[in-house]
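The values are calculated or read from the model by the stated rules, or taken from the named source; none is laboratory data. The structure displayed is predicted, hence computed values, not measured ones. As a convention, Cβ positions derive from the backbone with ideal geometry for all residues, glycine included, and neighbour counts pool all protein chains shown.
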Amino acid sequence: MGDIVTIVLKRLGLGLITLLVISVIIFGAVELLPGDIAQAVLGQGATEDNLAALRTELGLDRAAPVRYFEWLFNAIQGDFGKSLISKTPVSEAIGTRFGNTLFLAVYAALIAVPVAIFLGVVVALFRNSVFDRVANVLTLTSISSPEFFLGYVLILFIAVKGGFFPAIAKIDDDMSLLDKLDRTFLPALTMVLVVVAHMMRMTRASIINLLASPYVEMARLKGVPAWKVIVKHTLPNAWAPVINVVALNLAYLVTGVVLVEVVFVYPGIGQLLVDAVTKRDFPVVQACCLIFAATFILLNLAADVGSILTNPRLRHPK
Amino acid sequence: MSNSSKQEFKELLTRDAKSGKLGRRDFMRFAVAAGMSVPLASGLWTSEVAAATPKKGGNFRVGVHDVNTSDTFDPGTYQSVGMIQLAHTHRSYLTEITPENGLGPDMADSWSATPDAKVWTFELNKNATFHNGKKFTAADAIASLNHHRGEKSTSAAKALLTTVTDIKAKGDHTIVIELNQGFADLPWVMTDYHLVIVPAKADGTADWEGGVGAGPYAITSHKPGISTLLKRHSGWHREGAYFDEIEMLGLNDPNARQTALITGDVDAITSVDLKTVALLGRNPNIEVDNVPSGSAITLPMFCDVAPFNNVDVRLALKNAIDRNDIVEKIMFGTATPGNDYHVSPGMPYAPTDIPQRVYDPDKAKFHLKKAGMSSLKVSLSAADSILPGAVDMCVLYSEHAKKAGIQIDVKREANDGYWSDVWLKKPWTFVKWGARPTPDNMFTLAYKDDAPWNESHWQNKRFNELLLQAKAELDDTRRAAQYREMCMLARDDGGTVIPIFVNFVYARNKKVQHGPSLASSWELDGGRGYHRWWFA
């Protein structure tokens, strides 16, 4: 067990360095974008005069490295700065929106992961049957379609023609959980459709892979039913790759939802990031990107820890 | 009575009844006398007249486009459609554009000028109050206007008020604005969307941060980029504000907007996807409003750069564009053809007798020949962020121009930074202008010889003389003649091709009603549908 703690600590340290590098890259990228925040805010209405006034007000007339290190120094102390445009603290601007994004991600994950693994097991059991083919074709179609298209199709058939769920996922804090789940069902379903195929096929592949191993042969010979062979004998050994794919898809549920948010007008963090980039609002861009990066780092770490814990050989080293 | 005159009489009756000249009893009597049956006349009253009489109540939910998380209450940085709509709802202006596109009172009751139009006096409304209960006085008006003036101001409306030298209070409810040159349009300029009235702080600066205004509705909850909830301001000084509550919902995705309208999640939307407007109009519960606006598409050519420095080249290009084809194919009928002068038909002083320039490849060839050329190759920069379909419009134009031996290379520029890197930098670009209230405003901004935004680098002595004369001219007839001459100069000598004026196309549920005409300054009746419209 001590080994795992060491691994986790080491990986967390590396993660911090990664975040630092990412913050430099993001700052550089925002600097490289054509135009600056003053031009973005004033738009067509900008004259040299009021551009200069706004730049001085925002401190943009100073050199880039000075501004970066000032931000970094404050960030290390836990102050991620204020949005250059709305002048509200970044944490405030991001707070509820990130909560909303997490809510949607968890909602989608709670549906997608069990469904994907269940389907994976079932298609492995009935591999090469009609059921297997149909499940594969359907999930591959849904993963190959762009999210916004899936969203529009669901809106058209379920919300507009069927009248079942609302087409617009506007939620606020004082809604009951049930209301929220109803309002956000369509975006969650869209994301489920996008991520299910990957996880299902990985489950199927790793189970089928194991089905050829001698110990499975043994189990079959002693008369264990087919479904029991899969659930009791192969699945425990198939977890490692499955967990990795699940983690990757969970990260995607948090970071890849911009289009889904736009289509369903869901007040999540993706929309905020897009707005911040168009307006060159550096502190907000930086904070959003670092949250995304941290999500990836932590979920990858969780996946590694998960595969160690589910593998008896790694859990009990000699 | 023939059928057609019966129809005319019916329309006349309905109009009089709607405007309140006829009561129900008289309406019925006349209608029956004209040969209408009693149930028919009664039905007409209910469907046409009663529906046109505003009723109070209801929660008006509007899906607004261009709503951003970066929107702020600072009037100087208003830029998005979302903020312009909100500004007309929770704040108010000294003057307003009426539904008939005239000028009407808002926070100011009346105004007058000295004969040289250099000193203006605005009499302010004595009953107006802010949402926090504070009485509206001259100090508030002065602080609000000064927010856009002075060295330190970051306001985008600074250029509008550069000729203002001083703003003084005369008593509690009168302000006097002094200018360094005569300016007959000042009351019109006061309708500019930046120039909202906010309370003054003790130190005389504008108190805009909290979102308090003196408009018809007060904000109860504001989540930038998501939604704004408002309720009727009980102390509003004017007629109207029929809805109890307003809910403005940021719906930036065109499909989400239209779906929300169809499923009844909202009662109106500020913009309709042109490609599907015909389909939406077929829905029996939905009414589409297609309103000509003063918002123009311009294609300015640098008049000091070859080949555009030759007026015949400019005329060749102006004759080589098929405007009707563009209205039909790119705008799906939701635009008005331009005539190469930047005065829209809805503007005051718009000339009505200037012949429409039509597509004439032979005339274009003639001008090309006169310029000593047999063929011409030019490039035109555009980006779809300026107008969806901008690049397509330019490509279509280049097809039109081919027939006149002109090759137009359309360059698709990056959406980001178009205003800073392409506009005013490249010799021929695609530009979209928001509606401005008066010809003077538009010409001073983008056609005056020394304007920073003289996007075509056009220098015409007579035009600039006229511009100065007309600016201070208080006689309307003389003024109209001056603007007509300027329009002709811009049309036949200027460096700007104006393909179209775009329409505002918005939609509402049929239960939402409005008066007979709609202002063409902004979406939703000049951004004032919130207090002018009502639920049937």
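Odds and ends about this structure:
- For the range A:232-263, a tally of residues being in contact with a helix residue (DSSP H, G or I) (Cβ under 6 Å, 6 or more places away or on another chain) and farther than 18 Å from A:M202 by Cβ returns 9.
Table: residues versus (1) at pLDDT 90 or above; (2) over 24 Å from the mean Cα position of the chain (by Cα).
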residue: B:A214; (1), (2): yes, no
residue: B:I226; (1), (2): no, yes
residue: B:H233; (1), (2): yes, yes
residue: B:Y242; (1), (2): yes, no
residue: B:M248; (1), (2): yes, no
residue: B:D253; (1), (2): no, no
residue: B:T270; (1), (2): yes, no
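- Single residue of A:I22, A:I17 found to be surrounded by fewer than 13 Cβ atoms within 10 Å (Cβ to Cβ) and either over 30 Å from B:L424 (Cα atoms) or without any contact (Cβ under 8 Å) to a residue 40 or more places away in the chain (or both): A:I17
- The test for being among the aliphatic types (A, V, I, L, M) and in contact with a helix residue (DSSP H, G or I) (Cβ under 6 Å, 6 or more places away or on another chain) holds for B:V189.
- Test result for B:A260, within 23 Å of B:T69 (Cα to Cα), over 25 Å from the mean Cα position of the chain (by Cα) and at pLDDT 90 or above: yes
- Matching entry among B:I354, B:I321 (being of a type in the set (V, I, T), surrounded by 21 or more Cβ atoms within 10 Å (Cβ to Cβ) and in contact (Cβ under 8 Å) with a residue 12 or more places away in the chain): B:I321
- Within the range B:101-136, the set of residues being part of a strand (DSSP E or B) and in contact with a Gly (Cβ under 7 Å, 6 or more places away or on another chain) comprises just one member, B:T129.
- The range A:30-48 residues that are closer than 16 Å to B:T154 by Cβ and of a type outside the set (V, I, T), paired with ones that are in a loop (DSSP other than H, G, I, E, B) and at pLDDT below 75 (beta carbon under 8 Å, 6 or more apart): A:A38/A:A46; A:Q39/A:A46; A:Q39/B:G417
- Top-ranked residue of the range B:443-466 - restricted to ones that are more than 17 Å from B:R314 (Cβ to Cβ) and surrounded by 21 or more Cβ atoms within 10 Å (Cβ to Cβ), ranked as modelled with the lowest pLDDT: B:T444
- In the range A:248-267, the residues that are among the hydrophobic types (A, V, I, L, M, F, W, C) and within 17 Å of B:D253 (Cβ to Cβ): A:V257, A:V258, A:L259, A:V260, A:V262, A:V263, A:F264, A:V265
- Of all the numbered requirements in (1) within 9 Å of chain B (Cβ to nearest Cβ); (2) over 30 Å from A:V195 (Cβ atoms), A:A93 misses one, and that requirement is (2).
- When the range A:154-194 is filtered for residues that are within 12 Å of chain B (Cβ to nearest Cβ) and closer than 24 Å to A:L250 by Cβ, the ones remaining, listed by number, are A:L154, A:F165, A:A169, A:I171, A:R183, A:L186, A:P187.
- Residue check, A:R67 basic (K, R) and under 22 Å from the mean Cα position of the chain (by Cα): no
- Residue-level check: of (1) assigned to a helix (DSSP H, G or I); (2) of a type outside the set (S, T, Y); (3) within 30 Å of B:A256 (Cβ to Cβ), A:W239 misses just (3).
- Here the condition is being in contact with a helix residue (DSSP H, G or I) (Cβ under 9 Å, 6 or more places away or on another chain) and either more than 24 Å from A:Q39 (Cα to Cα) or among the small types (G, A, S) (or both); of B:T174, B:T154, B:T129, B:T114, it holds for B:T174 alone.
- Residues in the range B:117-154 that are hydroxyl-bearing (S, T, Y) and within 14 Å of another protein chain (Cβ to nearest Cβ) were compared, and the one that is surrounded by the most Cβ atoms within 10 Å (Cβ to Cβ) is B:T154.
- Among the residues making up the range B:435-461, those that are assigned to a helix (DSSP H, G or I) and touching an Asp or Glu at 6+ places or on another chain (Cβ under 7 Å) are B:D440, B:N441, B:A446.
- Restricting the range B:216-228 to residues that are surrounded by 19 or more Cβ atoms within 10 Å (Cβ to Cβ) and not hydroxyl-bearing (S, T, Y), the residue that is farthest from the other protein chains (Cβ to nearest Cβ) is B:P216.
- Lone qualifier among A:V194, A:V134, A:V123 - being closer than 25 Å to A:A205 by Cβ and loosely packed, with under 14 Cβ neighbours inside 10 Å: A:V134
- From the list B:G204, B:G213, the one residue that fits, being buried (at least 23 other Cβ atoms within 10 Å of the Cβ), under 23 Å from B:H148 (Cβ atoms) and more than 10 Å from every other protein chain (Cβ to nearest Cβ), is B:G213.
- Scope the range B:72-95; condition touching a Leu at 6+ places or on another chain (Cβ under 8 Å) and under 15 Å from B:A156 (Cβ atoms); matching residues: B:P75, B:T77, B:Q79
- Answer from B:L274, B:L261 - the residue that is in contact with a Ser or Thr (Cβ under 6 Å, 6 or more places away or on another chain) and either within 23 Å of B:T336 (Cβ to Cβ) or within 13 Å of another protein chain (Cβ to nearest Cβ) (or both): B:L274
- Test: residue in the range B:155-166 that is more than 12 Å from chain A (Cβ to nearest Cβ), more than 22 Å from the chain's Cα centre (by Cα) and in a helix (DSSP H, G or I): no
- Any hit, the range A:32-55, residues being at pLDDT 80 or above, exposed (fewer than 15 other Cβ atoms within 10 Å of the Cβ) and away from chain B (no Cβ under 14 Å): no
- Answer residue from the range A:273-285, given it is modelled with pLDDT under 85 and within 10 Å of chain B (Cβ to nearest Cβ) and is surrounded by the most Cβ atoms within 10 Å (Cβ to Cβ) among those: A:A276
- Residue match in the range A:122-132 (condition: out of contact with any Cys (no Cβ under 6 Å at 6 or more places or on another chain), part of a helix (DSSP H, G or I), within 11 Å of chain B (Cβ to nearest Cβ) and free of Cβ contacts under 8 Å to residues at least 12 places away in the same chain): no
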